[in-house]
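Notes for the one structure printed next.
The values are calculated or read from the model by the stated rules, or taken from the named source; none is laboratory data. Here the structure is a predicted model, which is why all the values come from computation and not from measurement. In this analysis, Cβ positions are derived from the backbone assuming ideal geometry, glycine residues included, and neighbour counts consider all displayed protein chains.
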Amino acid sequence: MTLIKSISGIRGTIGGEAGENLTPLDIVKFTAAYATFIKISTQDIRPLIVVGRDARISGEMVHRIITGTLSGMGCDVTDIGMATTPTTEIAVTKENASGGIIITASHNPKQWNALKLLNNRGEFLNAEEGAEILRIADNEDFTFSAVDDLGKIIQKQYLHEHIQSVLSLELVDKDAIRAANFRVAIDCVNSVGGIAIPDLLYALGVKEIFKLHCAPHGNFSHNPEPLPQHLTELSSLTRSSKADVGFAVDPDVDRLAVFCENGEPFGEEYTLVAVSDYILQHTPGNTVSNLSSSRALRDVTLERGGEYQAAAVGEVNVVAKMKEVNAVIGGEGNGGIIYPASHYGRDALVGIALFLTYMAKSGKSPSQLKQSYPLYYMAKQKVELTPDIDTDGILEKMKEKFSDQQVTDIDGVKIDFPDKWVHLRKSNTEPIIRIYSEAHSQNEAEEIGKQIIEIINELA
């Protein structure tokens, strides 16, 4: 069993001893610390906090503790119940709230849950803010409110407003989607996507939807990370139902995986590439993804006349870089679309609407769209080190060894060769270095990763 406290929130497995797992005591302490931080940072003695959750089995229990604790801290609460992560982010701004808590462990298995923390813009807290909340929690530096100062809790539903905000985007064309008469297969892994994705598709004018695992009971039907090896049922359904496209989401619906009409995976890295290509055709500008995402986005961006920038891994870092360079589209290669015209958060609903619009307007199938992009293959490996080895020192030596190449060191060390790249990142939880590599063939990608591992072992 595990409890992981980090600057991005708290996550862990349900049950067990306090301080070692995600127990009610840990939830109270961390929620109280967050409420204290919000009060201090906003100078608001009675802040409003939005709370939403995915469909995990533990979700209702965690949700009741959080809303009760926030009330006990003198915070008013807008409880939006079961809701996607992007829905909760949008609700924060629409409610003019001081912050928000999303109860979800994203793609982790069902025994996990977590608290994701938002600021008053509906965006994730930065590292400094997260560290301050950890300090408050560790010191238990908070005070609960007297009976006359308890916060009020009201219930609202925000999915409809979220969907309407997607439909109102200038580059979402529901008339074109309706006219295309698309047949769509979906896999929503028995979480909130089972509510949100069908409602979105019907609102977009899709009449034929083939559903897998749309009952939001939290007993995930398969590994909830939306990777091809976990989505074989969707692949078969897309093909057998003669669907035009297949969509899969993770439990909190911020990641989008696409399947071609022939049942082949579109590739999680290419979700962002395709949507960005469509956006750039109508809104020329800059793009951003993290250092471990495909080079295909850079290629497409340059072809469309824009500039590409890479950010450190992590949504908060991508968002910060997007704002810095005024990017028109960005995200992460795990299927996370961040479209500023909507909001600064990964949003599978936005991704689906834009992807279907692109299909409708271009007249191309997913497989035809995929063939139009530069083809890259990615490999993910790791090298295990003993705890006494100076990992930072090894990364510094790698940077020196490859100084004749383009090297980026904002998050580990990324080495850009003319026809491939390798990204080395130190794990925050294990004595390992993660090795991500990409090239024009799977063999090349794996081979360059192995070569780097050999060099690391020599330096160690």
Out of GLU225, GLU233, sole residue that is charged (D, E, K, R) and in a helix (DSSP H, G or I): GLU233
Quick check on my filter: what residues within the range 222-266 are farther than 14 Å from ALA185 by Cβ and either of a type in the set (Asp, Glu) or within 16 Å of the chain's Cα centre (by Cα) (or both)? PRO224, GLU225, LEU227, ASP250, PRO251, ASP252, VAL253, ASP254, ARG255
Hey, does the range 91-103 have a residue that's part of a helix (DSSP H, G or I), at pLDDT 95 or above, surrounded by 21 or more Cβ atoms within 10 Å (Cβ to Cβ) and outside the structural domain of PHE30 (by TED's automatic domain parsing)? no
Residues of the range 15-55 classified as in a strand (DSSP E or B), surrounded by fewer than 22 Cβ atoms within 10 Å (Cβ to Cβ) and modelled with pLDDT of 95 or more, total: 0
Here the qualifying pairs (Cβ atoms under 7 Å; residues six or more apart or on different chains; first in the range 398-415 and among the small types (Gly, Ala, Ser); second surrounded by 14 or more Cβ atoms within 10 Å (Cβ to Cβ)) come out as GLY412/LEU395; GLY412/HIS423; GLY412/LEU424; GLY412/ARG425; GLY412/LYS426
Pairs under 7 Å by beta carbon, first residue part of a helix (DSSP H, G or I) and surrounded by fewer than 19 Cβ atoms within 10 Å (Cβ to Cβ) in the range 271-286, partner at pLDDT 95 or above and not β-branched (Val, Ile, Thr), six or more apart or different chains? GLN281/ARG304; HIS282/LEU171
Breaking point among (1) surrounded by fewer than 16 Cβ atoms within 10 Å (Cβ to Cβ); (2) of a type in the set (A, V, I, L, M, F, W, C); (3) in contact (Cβ under 8 Å) with a residue 60 or more places away in the chain, for VAL147: (3)
Could you please find all residues in the range 247-270 being farther than 26 Å from ARG56 by Cβ, outside any helix (DSSP H, G or I) and at pLDDT 95 or above? CYS260, GLU261, ASN262, GLY263, GLU264, PHE266
Helices (runs of 4 or more DSSP H) contained in the range 295-414 and holding at least 3 residues in contact with a helix residue (DSSP H, G or I) (Cβ under 6 Å, 6 or more places away or on another chain): 296-303, 348-362
Return the pair list, or none, for Cβ contacts closer than 6 Å from residues in the range 247-261 that are farther than 11 Å from PRO228 by Cβ to residues that are charged (D, E, K, R) and assigned to a loop (DSSP other than H, G, I, E, B), at least 6 apart or on different chains. PRO251/ASP54; ASP252/ASP54; GLU261/ASP244
